[in-house]
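Quick note: the coordinates plus some simple rules give every number you see, no bench work behind them. Keep in mind that what you see is a predicted model, and the values were worked out from it rather than measured. Because the Cβ atoms are built from the backbone with ideal geometry, glycine has one as well, and the counts that use them run over all protein chains shown.
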Amino acid sequence: QKFVSGLSKTSSSLVGAMEDLILRRNKIDEELFEELEEILISADVGVSTTMELVDRVRQEVKERKIQDPAELQPLMSEIILEMMKSDDGAPSLAMNDEGLTVILFVGVNGVGKTTTIGKLAHKLKSQGKKVVLAAGDTFRAGAIEQLETWGERVGVDVIKHQAGADPAAVVYDGIQAAKSRGADILLCDTAGRLHSKVNLMEELKKVYRVVQREVPGAPHEVLLVLDATTGQNALQQAKTFSQAVNVSGIVLTKLDGTAKGGIVIAIRNELDLPVRWVGLGEKVEDLQEFDAEQFVHGLFG
Ligand code: GDP
């Protein structure tokens with residue numbers, strides 16, 4: 001339900017515009033397809049995904065001999081679901097049954113890494129897991145304190161060093177502390193400064209190596225956090241981060257309050273990465289497992 005209401009802005013702009021188009025036109029022709037493309041692109045579905053989607057709609061319209069524009073909406077929802085479907089059955093998180101699970105969170109500043117870690121810590125804790133947080137964003141002013149605040153709110157330990165410290169050292173300490181406290185899961189924040197990109201990527205690789213060395217099989221997940229309101233930029237960020245570390249899944253934040261939710265379709269279609277979680281607000285409970293079917297339902301009602 002929350003998922004559906006979180007998509008209301010995207011739904012009203014995308015589906016609202018489609019309904020409007022369907023009402024205005026009494027036949028399906030090339031002009032209608034062109035307008036449909038414009039609608040999808042302005043909902044941030046992205047150019048190449050839009051082209052692919054509309055091509056498939058064209059093809060199905062032809063094959064099924066569809067004439068009534070009113071039939072386009074159910075057809076679109078069917079095709080979109082098909083394009084996103086490979087997410088089905090993906091576990092929400094890969095867990096290590098034999099010891100400590102280590103999860104790295106990466107992404108540029110402001111996308112919602114720290115907030116997502118707090119929300120996820122709360123979820124995991126309420127499932128009976130012992131969670132520790134590592135304050136690996138030693139660069140952004142206030143990031144350490146912000147994670148500590150989440151730790152207090154949720155009731156989990158936070159391992160930190162001073163601002164400016166080496167993130168790999170923080171994560172190393174986080175691993176040792178998590179092990180000695182018998183924790184199930186360590187969630188590691190990392191820095192996300194956009195300028196000096198090369199340094200950031202080197203820093204992330206170093207963190208990654210430390211985790212690999214200290215815990216066999218780790219990191220069990222590298223979750224790339226993307227901000228839905230940034231639209232097509234999010235796709236570019238995914239490409240940049242994937243070059244530095246082995247990203248295993250995506251958390252898409254701020255889907256509430258944006259009309260750019262079409263980016264989910266582009267992410268699913270253009271990146272070979274599952275969307276694991278979506279952020280639907282700033283509160284602790286505003287994190288939901290992603291479900292393609294619910295997403296399409298939320299869009300088309
Ligand atoms: P970081 O720099 O990646 O760690 O980003 P933060 O966790 O500090 O988040 C940046 C801002 O985005 C904060 O004001 C958060 O409250 C807000 N935020 C994070 N996730 C969501 C979300 O899903 N929805 C909304 N509306 N705001 C969010």
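In nm, what is the difference between 0.36 nm times the number of residues separating R24 and Q232 and their Cα-Cα distance?
Going from the current span to full extension adds 72.0 nm.
For the chain, what is the Kirkwood hydrodynamic radius in Å, using each pair of distinct C-alpha atoms? Intermediate results must be reported in sequence, preceding the final value.
Details: mean 1/r = 0.0497 Å⁻¹.
After inverting the pairwise mean of 1/r, the radius is 20.1 Å.
Normalised radius of gyration for segment 182-301, please: alpha carbon Rg relative to 2.2 N^0.38 Å, two decimal places. Mind dumping the intermediate values first?
Working: Rg = 15.3 Å, N = 120, 2.2 N^0.38 = 13.6 Å.
Dividing the Cα radius of gyration by 2.2 N^0.38 Å gives 1.13.
Once you mark the GluC sites (Glu not before Pro) that are in a DSSP loop and have at most 16 other Cβ atoms within 10 Å, what is the longest gap between them in the chain?
That would be 99-281.
What are the residues whose amide H is under 5 Å from the amide H of V275, where those residues sit 5 or more places off or on another chain and H is modelled from the backbone?
Correct list: I250.
Taking 7 Å along the Cα-to-C-beta vector as the label spot, tell me the E35-E282 distance in nanometres, rounded to one decimal.
Between E35 and E282, the label points sit 3.9 nm apart.
Rounded to the nearest 20 debye, what is the charge dipole size of segment 167-290 about its Cα centre when +1 sits on each Lys and Arg Cβ and -1 on each Asp and Glu Cβ? Can you show the working numbers first?
On the way: 14 positive and 15 negative charges, 80 e Å.
It comes to approximately 380 debye.
Scattering from the C-alpha atoms of segment 53-180 alone, worked out with Debye: what is log10 I(q)/I(0) at q = 0.11, 0.15, 0.20 1/Å?
Relative scattering, expressed as log10 I(q)/I(0), comes to -0.57, -0.75, -1.12.
What's log10 of I(q)/I(0) for segment 1-52 at q = 0.15, 0.17, 0.20 Å⁻¹, Debye sum over Cα points only, no solvent?
Cα-only, vacuum Debye calculation for segment 1-52: -0.46, -0.57, -0.73.
Would you pull out the residues with amide H under 5 Å of T253's amide H, same chain only if 5 or more places away, H placed 1.01 Å from N?
Sorted by chain and number, the residues that satisfy this are L226, D227, A228, G279.
So what is the 222 nm mean residue ellipticity for the chain from helices alone, if each DSSP H run of at least 4 adds -39500 (n - 2.57) and you divide by all residues, rounding to the nearest 500 deg cm²/dmol?
After summing the helix terms and dividing by residue count, I get -16000 deg cm²/dmol.
How big is the charge dipole of segment 49-139 about its Cα centre, in debye rounded to the nearest 20, if each Lys and Arg gets +1 on its Cβ and each Asp and Glu gets -1 on its Cβ?
480
So what's Rg/Rh here for segment 248-301, counting alpha carbon atoms and using the Kirkwood radius for Rh?
Values: Rg = 10.8 Å, Rh = 11.5 Å.
Rounded to two decimals, Rg/Rh equals 0.94.
Let me spell out the model: positive unit charges on the Cβ of Lys and Arg, negative unit charges on the Cβ of Asp and Glu, origin at the Cα centre of the chain. What dipole size does that give, in debye rounded to 20?
1020
Among I39, M201, L100, flag the residue with its Cα farthest along the positive direction of the charge dipole of the chain, charges on Cβ as +1 for Lys/Arg and -1 for Asp/Glu.
The listed residue farthest towards the positive side: L100.
Relative contact order for segment 143-301 using alpha-carbon pairs under 8 Å, separation at least 6, rounded to a whole percent?
Values: 169 pairs, mean separation 22.3, N = 159.
With pairs under 8 Å counted, the relative contact order is 14 percent.
For each pair in K85/K260; K239/K283; K130/K283; K9/K206; K2/K62; K123/K205, compute the distance between the two Cα atoms and list the pairs where it is over 31 Å.
Exceeds cut-off: K9/K206; K2/K62.
Once you have the Cα-Cα distance between R213 and T149, take 0.36 nm times their residue separation minus that, and quote the gain in nm to one decimal.
Working: separation 64, 0.36 × 64 = 23.04 nm, distance 2.96 nm.
Working it through step by step, the gained length comes to 20.1 nm.
Please give the FRET efficiency for K129 paired with E293, using the beta carbon to beta carbon distance and R0 = 35 Å, rounded to the nearest 0.05.
Computed FRET efficiency for K129 and E293: 0.85.
Taking 0.36 nm per residue of separation and subtracting the Cα-Cα distance, what length does fully extending L75 through K62 add?
Going from the current span to full extension adds 3.5 nm.
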